[in-house]
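The values are calculated or read from the model by the stated rules, or taken from the named source; none is laboratory data. If you're wondering where the values come from, they're calculated on a predicted model, not measured in any experiment. Positions of Cβ are backbone-derived with ideal geometry, glycine not excepted, and every protein chain shown enters the neighbour counts. Only protein heavy atoms, including side chains, enter the accessible area calculation; ligands, DNA and RNA are left aside. Shrake-Rupley method; radii C 1.70, N 1.55, O 1.52, S 1.80 Å.
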Amino acid sequence: MKTFTLTLWLQRRIHWSLVFGLTGLLVSCSSGDIPLGVSSLNSRFTEEQPALSGNGRFLAFVSNRNGNQQLLMYDLQTQSFISTPGLNRRETIAESPSLSYTGRYICYLTSDRGRPVIALYDRAMQQSQILTPTYGGWVRNPDISPDGRYVVFESASRGQWDVEVLDRGPTVELDIPNGSTVSN
């Protein structure tokens, strides 16, 4: 009888320690520490592949907030999302973002007829264009120069992964801070 009482006492002690442990865990992991909502950076959905603009103000990342994978742009200074009409298309995956210095240009990987292609979104024009429409090989990991003129990426056109540099040309409008001079 004494052993039964001792076992019951131990079971209660373990039970209460388990209750207190789980309560502490729930309190420490509550969402009160992380701002959630439509305009907050963090959400309950998968967010990955962050890219920071050269001036450190803008952040682009891939998110699964609305049930499909999309590229989002966030202004760290105003702590709000930036509207990017024409960037995300239905039934298209966008990934591996890269930002120019002021975030005017977003270079990213998307698909066109089932093949990966590199696209460029111009926030000033609110248009996206495919930079590698007839490229012969597979492409991945695009990165744009701070001024927005050059795009580097990996390609498998020769049967192995090589580095390619795409020059958008001397007539492209460069992404430079206001008041800066352009040197040739």
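Miscellaneous remarks
- Single condition Ser98 does not satisfy, out of (1) part of a loop (DSSP other than H, G, I, E, B); (2) among the hydroxyl-bearing types (Ser, Thr, Tyr); (3) open to solvent by less than 20 Å² (accessible area, probe 1.4 Å): (1)
- Residue, farthest from Leu52 (Cα to Cα), within segment 69-92, restricted to residues that are hydroxyl-bearing (Ser, Thr, Tyr) and outside any strand (DSSP E or B): Thr92
- Residue match in segment 163-180 (condition: surrounded by 13 or more Cβ atoms within 10 Å (Cβ to Cβ), of a type in the set (Gly, Ala, Ser) and over 20 Å from Ala94 (Cα atoms)): no
- Top-ranked residue of segment 27-55 - restricted to ones that are open to solvent by less than 80 Å² (accessible area, probe 1.4 Å), of a type in the set (A, V, I, L, M) and in a loop (DSSP other than H, G, I, E, B), ranked as modelled with the highest pLDDT: Leu41
- Meeting the requirement of 2 or more residues that are over 18 Å from the mean Cα position of the chain (by Cα), the strands (runs of 3 or more DSSP E) wholly within segment 102-174 are 127-130, 150-155, 162-167.
- Qualifying residues in segment 59-95 (those that are of a type in the set (Gly, Ala, Ser) and within 13 Å of the chain's Cα centre (by Cα)) - the one surrounded by the fewest Cβ atoms within 10 Å (Cβ to Cβ): Ser63
- Listed by first and then second residue, the pairs with beta-carbon distance under 6 Å, at least 6 apart or on different chains, first residue in segment 110-134 and closer than 14 Å to Gly148 by Cα, second open to solvent by 80 Å² or more (accessible area, probe 1.4 Å) and part of a strand (DSSP E or B), are Leu120/Gln129.
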